[in-house]
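J.: What follows is a single structure, and I will ask about it in a moment.
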Amino acid sequence: MDFLNGLVTFLNFVFIPGAAYGAQLALGALGVTLVYGILRFSNFAHGDTMAFGTAATILVTWGLTGLGVSFGSLPTALLALPAGIAITAALVLATDRMVYRFYRRVKAAPVVLVMVSMGVMFVMNALTRFFPGIGVNDINFADGGRFIIGVREFREMTGLQEGLAIRTTQAITLVVAAVAVALLFWFLNRTRTGKSMRAFSDNEDLALLSGINPERVVAVTWILVAALATTAGVLYGLDKSFKAFTYFQLLLPIFASAVVGGLGNPLGAIAGGFVIAFSEVTVTYAWKRVLTWWLPERWAPDSLVQLLGTDYKFAVSFAILVIVLLFRPTGIFRGKSL
Amino acid sequence: MKKFLLASTATFALAGGALAQDVKIGIILGFTGPLESITPAMGAGAELAIAEVNASGNFALGAVTAVRGDSTCVDAAAAVAAAERLVTSEKVDAIMGADCSGVTGAILQNVARPNGIVMISPSATSPALSTAEDDGLFFRTAPSDARQGEVMADILAEKGIGSVAVTYTNNDYGKGLSDSFAAAFAARGGKVTINAPHEDGKADYSAEVGALASAGGEMLVVAGYVDQGGKGVIQASIDSGAFETFYLVDGMYGDSLIQSIGAELDGSFGAVPGTDSDGATRFQELASAAGFDGTSAFAPESYDAAALILLAMASAGTSKATDWAGKVMEVANAPGELILPGELGKALELIAQGVDIDYVGASAVELIGPGESAGSYRQYEIRNGSFETVGFR
C-alpha cells in the first residue's frame, strides 16, 4: 500500500506533468530541427512563432465561443487550431519572402541568419502583443471538462491516501502530439514532397540537379514549422496558461531538446524533448514525500531531498545542453553537429 | 512713464515670485507595470485631497498643484529618473509615493535624501523600509509587513493550524512578508515546513507546487500577487490536490482570484489592510462623487498621504522639507481634534488657530515607530464564492 501511495505521488507530481511537458517540448523541437535541417540555421524566432500561433488560435477560439460553438468536453481551441495554423503559416511565409529569402540569395553565413532570426523574434513578439485582448495578460482559454480524473475521485475510487489528477489538457497534449508526429513522419517518409525535402536537406546541390524546386521545399518547410509551432504553443497554453512573454523562455529547453536529440533529426527531437522535460522535473522535484512512502520508516528523510531549487529549472536544460555539446556534439541520434 | 514701467515690471516680478511659492506635489506611482490596475484610483485619491485643500481656500502657502510621475513599480532606474525629473525640473516640494517597496527604497536613497525632499508612501510595505536610513524624510500610511506577519500568525494560531507551507513572490515585498510571518508563526509555536519563492510571470507552477506538496503542511500560505504567480500556484495546487485551503495575504486580495479559480477557493481566508471606521465610508462617498472607486486597494492610504503632506506643511507654515517633516507625526497622531476625510478645510482652519489636530483620515492613520501606519486589517473568509468580512484587527 505504501508503495502504491508513493507511486501515485510520483505519477501525480513527476510523471504526468513531465510527460505532457515533454510532448510540448518535442513538438517545439521538431520545428527547430526542421528549420535547421532544411534551411540550415537555428531559428530563434521559434518561441515567438509559437506565441503568435497561440494568440491567433485564442482569437479564433473567442470568435467561436462568441458564436456559441463548443467542442463538448474538449477545449474549443482544438477546433480553432487549423485556422490558427493557417494565420501563422501566412505570417512565416511572408517573413520568409521579406526577410530570409534575401539572405538565402546572398548565401549568408548561418550565424548571420541566426542574428536575423533574433530580429524576427522581436518583431513577432511585438506583433503578438498587438492582438486585441492579448497584450501582457495571463489568458486561460481552456474550456470544456477540466479533469479526466480528479484527486478526490481518485482517492475515493482507490482508497489510497494520495490522489492522482489527470487533466484533460494533459491527455489532449499527449494524443495531439502523437498524431502530429505520426503525420509528420508519414509526410516526410511517404510523400513525394517529403522525400524532396529530405533530399534537399541531405545534399542541396544534388537535389537541385535532380530538378527539385528549392523555393517550394522552403515554403513547405515553413508551413510545417508553422503547424508544429502553433500546435505546440496551443497545447502548452491550454495545459498551463498563455502569456505573450513566456514562450520566449521556452526557447532554451526547446533548443536543448533539439540539440540533445541531434539537430536535424526528427526522431532525436522527440527523444530530446522527453529527456529535457524529465531531467528538469526530476532534478528540481522534492522527493521527500515519495521517499517517505517508499523507504522504511527509519530511513524516511527529514530534508526535502531536492537536488536543485525549482528556480533552477532552466539551468538544468542549460547544463545538459553544454554537456552534450562538449561530449557528443551530434546528439543522441547523430544529427548534424553545430 | 519710465518709472511706471519699472514699477509694473517690479510688480510682475513680485507676483511671479509669489507664484513660485505655491506648493507642488509629485505623485509617483506605477501607472504602468504590475500595479497599473490600482494606481489610477490611488493617484485620484491623492489628487482628491489636493483639490479639497485648494477648494477650502484655507491653505496659507498658496495654490497646490500635482504632477504625476511613473514609478513602473519594478524598474528602479526608471523610477529614480522619474523622481529626479519631478524634483529637479518640476521642483516639487514633496513626493506622494512611491507604490512598490523596491522602487520606493531606490527613490528614497537616490532622490529624496540627496535633495532633502519628504516622501510619504501609501503602499510600500516592506519591513526593510522601517530601518532604512531616511534622515527623517520618509513616512508611510501603509503598515509594515512585519505587522501583517503578526496578524497572519495570530489568525492561523486562532484557527488551530500548527504547520503551513509558505510560498512568496521573489521580491522585496514577498521575501519581507514571508520572513516576518515565519518568525511570528514560530514564536506562536507553529511550524513552517518550507518557505519557498516563486517567480512571477511564468506559465507553469507545477514544479514549485511539487516541492511545496512534498514538504507538506495543513495549508498553504500564499504571499504573492493576485494576477501573477500567486494565482498560478493556487491553481496548480488545487489541480494536483497538493493543498485545499490557502491563506491569502494582502497582495492576493481581488475578485479576479475567485472568478478564475471558483468554488474550490471556498474555505480559504486572509486579511487586507482596512478599517471599519467612519473615515473609510466617508472617503468612499467622496470618491464616488469624484468618479473613482474608493474601495480600490490603497486609494484611501493615498488620500491620507497627500493630506498629511499638506497638513504638516500648513502646521509648519512653510514648504521647506526640513521644517515640516517633523510635523507629520504631530498632525497624524493624538492629541488633537479628530479629522476625517472631507474635513481638510476645517483642519487647516484649526491649524491656523493654533489648535492641535489628530488626522484620522480614510485609513484610520496612526503613525508609529519610524513614521509608518500601525495598520489595521480586515479579516475575511471566502464563502460561496465571495469575500465575507469576519472581523477587524
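Every number in this text was worked out from the coordinates using simple rules, so none of it is lab data. As the structure is a computational prediction, the values presented were derived from the model and not from experiment. Here the Cβ is made from the backbone with ideal geometry for all residues, glycine too, and neighbour counts use every protein chain on show.
J.: Which is farthest toward the positive dipole end of the protein assembly as shown among B:Ala98, A:Ala77, A:Val32, measuring Cα position about the Cα centre, with Cβ charges +1 (Lys, Arg) and -1 (Asp, Glu)?
T.: Towards the positive end, the residue furthest out is A:Val32.
J.: Okay, next question. Taking every residue in A:5-15, how many Cβ atoms of other protein chains lie within 10 Å of its Cβ, on average?
T.: 2
J.: Springs between alpha-carbon atoms under 10 Å, Gaussian network over chain B: tell me which of B:Ser363, B:Ser126, B:Ser56 tops the mean-square fluctuations.
T.: Top of the fluctuation ranking is B:Ser56.
J.: Taking only complete DSSP H runs, can you tell me which helices of chain B stretch 24 Å or more along their own long axis by Cα positions and average at least 1.0 on the Kyte-Doolittle scale?
T.: B:2-20, B:299-316
J.: Counting alpha carbon pairs within less than 8 Å and at least 6 residues apart, what relative contact order, in whole percent, applies to chain B?
T.: Dividing the mean separation by the residue count of chain B yields 17 percent.
J.: Further question: Can you find, among A:Ala229, A:Phe242, A:Ser196, the residue farthest towards the positive end of the dipole of the stretch A:168-249? Put +1 on the C-beta of Lys and Arg, -1 on that of Asp and Glu.
T.: About the Cα centre, the residue reaching furthest to the positive side is A:Phe242.
J.: Quick query: amide H of A:Arg167 versus all other amide H atoms, modeled in the peptide plane; which residues come in under 5 Å with a sequence gap of 5 or more or a different chain?
T.: Here the answer is A:Ile148, since their amide H atoms fall under 5 Å of that of A:Arg167.
J.: Rounded to the nearest 10 degrees, what's the angle between the helix A:192-202 long axis and the longest principal axis of chain A, both from Cα atoms, 0 to 90?
T.: So the inclination is approximately 90 degrees.
J.: Amide H neighbours of B:Ala66 under 5 Å, counting only residues 5+ apart in sequence or on other chains, H built in-plane at 1.01 Å?
T.: B:Ile25
J.: With θ taken as phi - 60° and the coefficients 6.51, -1.76 and 1.60, list the Karplus ³J(HN,Hα) couplings across the stretch A:58-73 in order, rounded to whole Hz; mark glycine and proline as x.
T.: 4, 4, 5, 4, 4, x, 5, 5, x, 7, x, 7, 9, 10, x, 7
J.: Okay, moving on. When a/c reaches 1.5 or more, the comparison of a/b and b/c decides; with that in mind, is the stretch A:15-66 rounded, prolate or oblate per its Cα gyration tensor?
T.: Values: a/c = 3.35, a/b = 1.35, b/c = 2.48.
Oblate is the answer for the stretch A:15-66, as a/c is 1.5 or above yet b/c matches or exceeds a/b.
J.: What residues qualify as long-range amide H neighbours of B:Gly294, i.e. H under 5 Å apart, gap of 5 or more or another chain, H built at 1.01 Å from N?
T.: Result for B:Gly294 returns B:Ser288.
J.: If you put +1 on each Lys and Arg Cβ and -1 on each Asp and Glu Cβ, how big is the dipole of chain A around its Cα centre, in Debye rounded to 20?
T.: 900 debye
J.: So, in Å, what gap is there between the alpha-carbon centers of the stretch A:277-325 and the stretch B:272-322?
T.: 50 Å
J.: Next question. Which value in deg cm²/dmol, rounded to the nearest 500, describes the helix-derived mean residue ellipticity at 222 nm for chain B, given -39,500 (n - 2.57) per DSSP H run of n ≥ 4 and division by the residue count? Before the final figure, lay out the partial values.
T.: Numbers: 15 runs with 171 residues, N = 393.
Theoretical 222 nm ellipticity from helices: -13500 deg cm²/dmol.
J.: For chain B, what is the percent of antiparallel DSSP beta bridges, rounded to the nearest 5?
T.: 25 percent
J.: Quick one: what are the phi-derived ³J(HN,Hα) couplings along the stretch B:66-74, Karplus 6.51/-1.76/1.60 with θ = phi - 60°, whole Hz, x for glycine and proline?
T.: 10, 10, 9, x, 9, 8, 6, 6, 10
J.: Helix A:313-327 against the longest principal axis of chain A: what's the angle in degrees, Cα atoms only, rounded to the nearest 10?
T.: 60 degrees
J.: For A:299-310, what's the mean count of beta carbons from other chains sitting within 10 Å of each residue's beta carbon?
T.: If you average over the peptide's residues, the count of other-chain Cβ atoms is 3.
J.: Another question about this same structure. Setting aside same-chain residues fewer than 8 positions from B:Lys91, which lysines have a Cα under 30 Å from its Cα?
T.: B:Lys24, B:Lys320, B:Lys327, B:Lys346
J.: Could I ask something else about it? Taking θ as phi - 60°, what are the ³J(HN,Hα) couplings along the stretch A:216-233 by the Karplus curve (6.51, -1.76, 1.60), each to the nearest whole Hz, with x for Gly and Pro?
T.: Running phi through 6.51 cos²θ - 1.76 cosθ + 1.60 with θ = phi - 60° gives 5, 4, 4, 4, 5, 4, 4, 5, 4, 4, 4, 5, 5, 5, 5, 4, 4, x Hz.
J.: Follow-up. Taking a cut-off of 21 Å between Cα atoms, list the lysines near A:Lys195, but don't count ones fewer than 8 places away on the same chain.
T.: Cα-Cα hits under 21 Å: A:Lys336.
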